[in-house]
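Everything below concerns the one structure shown next.
The values are calculated or read from the model by the stated rules, or taken from the named source; none is laboratory data. These figures come from a predicted structure and were not determined experimentally. In this analysis, Cβ positions are derived from the backbone assuming ideal geometry, glycine residues included, and neighbour counts consider all displayed protein chains.
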Amino acid sequence: MSKYLLTCQCGNTVPVEVGQAGDRVTCVCGAQLDVPTLRKLRHLPVERPAASQARAAWNPRKGFVAASLIAAGLLVASAVWTWLKQPVVPKFDPVAQLNAADAHLAKITPAESWMRWVAVYLPLANSGFAVFEHPDKDAIEQQVAQYRILETTLLIIAASCVTVALIAAFRPRPRGI
C-alpha cells in the first residue's frame, strides 16, 4: 500500500496511508497535522519504498572495502596454511639410534663389522664423537626459513589490505560528490 508524505511546518515529513484520510496525525515535533481528504491526498509526494533505498546503499567505496578485507582474509589464511605445512627438523632420539645400531650389528658378519670399524668408528675414536643430528637438518632449516619469509610477506600484505580498507571506510568523502 502506498504511503504519502505530509509536510509539517518544522520541515519534517510524516508518512500517511490512504486509510488515514481526514484524520489527524502527530509529527515528531509534537504538532498535530490534518490529513487531507482522499482526493487531495493523492496530490502529495509518494514515499519511496525501502528496497530502492537499500539498493542504493551499496557503492564503489563499500565494494573496495569489502574486496580489500576479503583479500586480507585470504592472505591470512594462506599464511596460516603455510605455517601449518612447513617441515619440522626431527628430534634426535639416542635410544632409538642405539637400538637401530644394535639391530644392524646383530645382522652383519664379523668381516663387515671390521670394515665398519675401520671406515666409521676408528676415525670417530681418533677425532671425537660428534653430536648426532638429522642428515638433512641444514636443508630443512633453510626450507623453514623460506616458509617464514613467505608467511611474513603474506601477513604484511594482509595488514596493508586492512589498512587500505580502513582508510577507504573512514576517510571523509569529498564535498562536491
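Just need a number here: residues in segment 13-32 that are surrounded by 14 or more Cβ atoms within 10 Å (Cβ to Cβ) and either in contact (Cβ under 8 Å) with a residue 60 or more places away in the chain or in a loop (DSSP other than H, G, I, E, B) (or both).
Final tally of qualifying residues: 2.
So which residues in segment 126-145 are loosely packed, with under 12 Cβ neighbours inside 10 Å and either on the phi > 0 side of the Ramachandran plot or modelled with pLDDT of 90 or more (or both), if there are any at all?
GLY128, GLN142, ALA145
Scan segment 146-177 for residues that are surrounded by 11 or more Cβ atoms within 10 Å (Cβ to Cβ) and under 19 Å from LYS62 (Cβ atoms) and jot them down.
Those that are surrounded by 11 or more Cβ atoms within 10 Å (Cβ to Cβ) and under 19 Å from LYS62 (Cβ atoms): CYS161, VAL162, THR163, VAL164, ALA165, LEU166, ILE167, ALA168, ALA169.
Could you grab the pairs with beta carbons closer than 8 Å, sequence gap of 6+ or different chains, first residue in segment 148-159 and under 14 Å from GLY73 (Cα atoms), second one in a helix (DSSP H, G or I) and not hydrophobic (A, V, I, L, M, F, W, C)?
Listed pairs, sorted by first residue: GLU151/THR82; LEU154/SER78; LEU154/THR82; ALA158/GLY73.
Out of the residues in segment 58-101 that are charged (D, E, K, R) and surrounded by fewer than 10 Cβ atoms within 10 Å (Cβ to Cβ), which is nearest to LEU154 (Cα to Cα)?
Quick first cut of segment 58-101, residues charged (D, E, K, R) only: 61-62, 85, 91, 93.
Filter once more, so that each one left must be surrounded by fewer than 10 Cβ atoms within 10 Å (Cβ to Cβ): 85, 91.
Values: LYS85: 15, LYS91: 29 Å.
Taking the candidates together, the pick is LYS85.
Considering only residues that are out of contact with any Cys (no Cβ under 9 Å at 6 or more places or on another chain) and closer than 16 Å to LYS3 by Cβ, which ones fall in segment 27-36?
Residues satisfying the conditions are VAL35, PRO36.
Kindly establish whether TRP114 is surrounded by 12 or more Cβ atoms within 10 Å (Cβ to Cβ) and in a helix (DSSP H, G or I).
On the way: surrounded by 12 or more Cβ atoms within 10 Å (Cβ to Cβ): no; in a helix (DSSP H, G or I): yes.
The answer is no for TRP114.
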